[in-house]
Amino acid sequence: MGEHLRRLDRVWIEHPVYFITTCTQNRRPVLNCQAMHDICREVWTNCESLYRWFTGRYVIMPDHVHFFCASHPEAASLSVFVGKWKEWTSKYAKRRLGFAVPLWQEEFFDHVLRSSESYEEKWEYVRQNPERAKLVATPEEWPFQGEMNEIRAEM
């Protein structure tokens, strides 16, 4: 086996935690309201039983969402989970709030966290987004954030 392939055993993570970012279509700033926060949480809860994906910490910004997630061993694929989450949040936002569709851009960004340090660093960066965007004076003041399930990156 070539030298470059020997490190693959150190890269494989049996139960990865993913960091996801997805943006609204044309970066429309429509997400920072309590009704949309409630819809996101409702659909994440539904995804636990339907697709076996569990959402951890999250921050909902006006035009994008960051969240951490992990799957059950018998879960649907990550792309199915995120696709269904986007589909149902979009449907509920249109039905309940009159939002234009599509609500989301087609793609999303995913990153596998390789350590608990990486998780905490990424969370701290995300948690401070509302303050950096000058939406609040401190991250704690931002009402559209939270934690659905306690999930941690382990290595």
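The values are calculated or read from the model by the stated rules, or taken from the named source; none is laboratory data. As the structure is a prediction and not an experimental result, all values here were calculated from the model. Positions of Cβ are backbone-derived with ideal geometry, glycine not excepted, and every protein chain shown enters the neighbour counts. Remember, those area values only see protein heavy atoms, side chains included, never the ligands or the DNA or RNA. Shrake-Rupley method; radii C 1.70, N 1.55, O 1.52, S 1.80 Å.
Worth a mention:
- The candidate values are (1) 28, 19, 14; (2) 42, 20, 14; (3) 26, 18, 14; the one derived from this structure for semi-axes √(5λ) of the Cα gyration tensor in Å carries the label (1).
- Computed on protein heavy atoms with a 1.4 Å probe, the accessible areas place GLU150, GLU120 in the order GLU150, GLU120, largest first.
- Carbon and sulfur %, accessible surface of the chain computed with the full protein complex present, 1.4 Å: 52
- For the stretch 11-108, GluC sites (Glu not before Pro) meeting the loop criterion (DSSP other than H, G, I, E, B) and having at most 16 other Cβ atoms within 10 Å: GLU14, GLU74, GLU106, GLU107.
- Bridges between two residues of the chain, per DSSP, are antiparallel at a rate of about 100%.
- The chain: angle of helix 34-51 to the longest principal axis, Cα-based, in degrees nearest 10: 40
- A Cβ-based charge dipole, computed about the Cα centre of the chain with Lys and Arg at +1 and Asp and Glu at -1, lands at about 580 debye.
- Exposed loop sites here mean trypsin sites (Lys or Arg not before Pro) with a DSSP loop assignment and at most 13 other beta-carbon atoms within 10 Å; the chain contains its longest site-free run at 8-133.
- In degrees, nearest ten, helix 78-97 long axis to first principal axis of the chain (Cα): 10
- Close amide H pairs (under 5 Å, H built 1.01 Å from N) link TRP104 with GLN25, residues at least 5 positions away or on another chain.
- Accessible area (Å², 1.4 Å probe, nearest 10) - PHE54: 60
- Solvent exposure, largest accessible area first (probe 1.4 Å, DNA, RNA and ligands not counted), of MET61, MET148: MET148, MET61
- Note that the chain presents 57 Å² accessible area per residue, ligands and nucleic acids not counted, probe 1.4 Å.
- For the chain, the relative contact order works out to 33 percent when only alpha carbon pairs closer than 8 Å and six or more residues apart are counted.
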